[in-house]
Amino acid sequence: MPYTSVNGHMFSLLTKEGWLALRLPEDEREAFLRKYKTKLAVQYGTVMKEYVQVPEALLKKTSELRKFFNLSYEYVSSLKPKPTKKTAPAKERAAKKR
């Protein structure tokens, strides 16, 4: 499943059904849902509360869509970065086993 992320937070994805979903802040999300008469994204039977389903008509309007991609990126960039899960190098793991 192709997606984009920043600081460990996903902000757009292509669903297995072929829909583009964007993560938007609450005020922008509500306005987007009303303006484009669309719905929240659903993935594996679960509603993704922060993600909107981008209608096909908007995909053809790339300059208009760019605004929402930028909003999505800015929103996720403002979130606290997720901690990374670093694994110890192989030599360190082997030494700990001894």
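The values are calculated or read from the model by the stated rules, or taken from the named source; none is laboratory data. Treat the numbers as computed from the prediction; the structure is a model and nothing was measured. Note that we place each Cβ from the backbone using ideal geometry, even for glycine, and neighbour counts take in every protein chain shown. What goes into the accessible areas is simple: the full protein's heavy atoms, side chains included, and nothing from ligands, DNA or RNA. Shrake-Rupley method; radii C 1.70, N 1.55, O 1.52, S 1.80 Å.
Restricting to the stretch 56-66, and then to whatever is under 15 Å from A31 (Cα atoms) and surrounded by fewer than 16 Cβ atoms within 10 Å (Cβ to Cβ), can you tell me which residue is farthest from the chain's Cα centre (by Cα)?
E64
Would you say V6 is without any contact (Cβ under 8 Å) to a residue 12 or more places away in the chain and either open to solvent by less than 80 Å² (accessible area, probe 1.4 Å) or more than 22 Å from P83 (Cβ to Cβ) (or both)?
No.
Take the residues in the stretch 43-54 that are in a strand (DSSP E or B) and out of contact with any strand residue (DSSP E or B) (no Cβ under 7 Å at 6 or more places or on another chain), then tell me which one is least open to solvent (accessible area, probe 1.4 Å).
Q43
Among the candidates T84, T38, single out the residue that is at pLDDT 95 or above and assigned to a loop (DSSP other than H, G, I, E, B).
That would be T38, the only listed residue that is at pLDDT 95 or above and assigned to a loop (DSSP other than H, G, I, E, B).
I'd like the residue in the stretch 71-86 that is of a type outside the set (F, W, Y) and within 12 Å of the chain's Cα centre (by Cα) and, out of all such residues, is surrounded by the fewest Cβ atoms within 10 Å (Cβ to Cβ).
Among residues in the stretch 71-86 that are of a type outside the set (F, W, Y) and within 12 Å of the chain's Cα centre (by Cα), the one surrounded by the fewest Cβ atoms within 10 Å (Cβ to Cβ) is S77.
Kindly list, by first and then second residue, each pair from a residue in the stretch 54-71 that is under 16 Å from L33 (Cβ atoms) to a residue that is β-branched (V, I, T), limited to pairs with Cβ atoms under 6 Å and residues at least 6 apart or on different chains.
What qualifies is P55/T38.
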